[in-house]
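Engineer: Next up is a structure, given as structure tokens.
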Amino acid sequence: TSAGDGNDAERENSGTKRILIVDDNEINLEIENEVLKDAGFLVETAFDGSEAVELVKKSKPGYYDLILMDIQMPVMDGYNATRAIRSIENPALSGIPIIAVSANAFEEDRRKAMESGMDEHLAKPLDNTRLFQLLNNFLRIK
């Protein structure tokens with residue numbers, strides 16, 4: 001789906017949250033997409049960090065509620081993509097919560113994610129319980 005596919009009014013009325021998943025692995029994207037859609041989220045995807053940065057830059061404030069950002073990707077990794085998003089002048093875009101999703105669960109990876117501007121760190125394979133705890137925290141879902 002592309003940014004602004006006409007269901008914005010419907011989304012605002014239903015309180016549905018939109019999540020951008022950024023991952024170069026199609027299987028990971030599919031799994032995360034299904035889990036989130038089944039839970040009632042609107043989901044959009046990007047295959048690398050530079051694509052994610054462009055989507056965020058072109059979006060209206062409030063369009064994306066949260067970003068799940070893979071760390072290791074070609075073209076632009078998750079750290080650099082997060083730094084680029086955080087440097088966008090509009091605070092409504094630069095402040096979107098970003099959760100790192102990484103195959104590396106080491107403390108150093110978590111620290112690097114936080115230093116690049118990410119809000120939280122999730123290890124792969126995703127623990128759905130932890131994922132939904134974080135989504136509840138960041139999105140204040142009723």
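The values are calculated or read from the model by the stated rules, or taken from the named source; none is laboratory data. On a predicted model such as this, the values are computed, not experimentally measured, just so you know. Because the Cβ atoms are built from the backbone with ideal geometry, glycine has one as well, and the counts that use them run over all protein chains shown. Calculation scope for accessible area: heavy atoms of the full protein, side chains included, ligands and nucleic acids excluded. Shrake-Rupley method; radii C 1.70, N 1.55, O 1.52, S 1.80 Å.
Engineer: Between I21 and residues 5 or more places away or on another chain, which pairs have amide H atoms under 5 Å apart, with H built 1.01 Å from N, and which residues are they?
Structural biologist: Answer set, sorted by chain and number: E44, T45, A46, L68.
Engineer: Here's a follow-up. Using a 1.4 Å probe on the protein chains only, how many percent of the accessible area of the chain belongs to carbon and sulfur?
Structural biologist: 48 percent
Engineer: Can you work out the accessible area per residue across the chain, with the rest of the protein chains kept in place, probe 1.4 Å, in square angstrom?
Structural biologist: So the chain comes to 52 Å² accessible per residue, rounded to a whole number.
Engineer: Given the rule -39500 (n - 2.57) for each run of at least 4 DSSP H residues, summed and divided by the residues of the chain, what is its mean residue ellipticity at 222 nm, to the nearest 500 deg cm²/dmol?
Structural biologist: Working: 7 runs with 64 residues, N = 142.
The per-residue figure over the chain is -13000 deg cm²/dmol.
Engineer: Which cross-chain or sequence-distant (5 or more) residues have an amide H under 5 Å from the amide H of H121, H modelled 1.01 Å from N in plane?
Structural biologist: A100
Engineer: Using label points projected 7 Å from each Cα along Cα→Cβ, tell me how many nm separate K60 and N136, to one decimal.
Structural biologist: Those two pseudo-labels are separated by 3.1 nm.
Engineer: Something else about it: Multiply the residue separation of L126 and E34 by 0.36 nm, subtract the distance between their alpha-carbon atoms, and state the gained length in nm to one decimal. Intermediate values should be presented prior to the final figure.
Structural biologist: On the way: separation 92, 0.36 × 92 = 33.12 nm, distance 1.27 nm.
That works out to 31.8 nm of additional length.
Engineer: Just to confirm the filter: which GluC sites (Glu not before Pro) across region 67-140 are DSSP coil and have at most 12 other Cβ within 10 angstrom of their Cβ? Numbers along the way, then the final one.
Structural biologist: Details: sites: E89, E107, E108, E115, E120; in loops: E89.
In loop regions of region 67-140 (DSSP not H, G, I, E or B), the sparsely surrounded GluC sites (Glu not before Pro) are E89.
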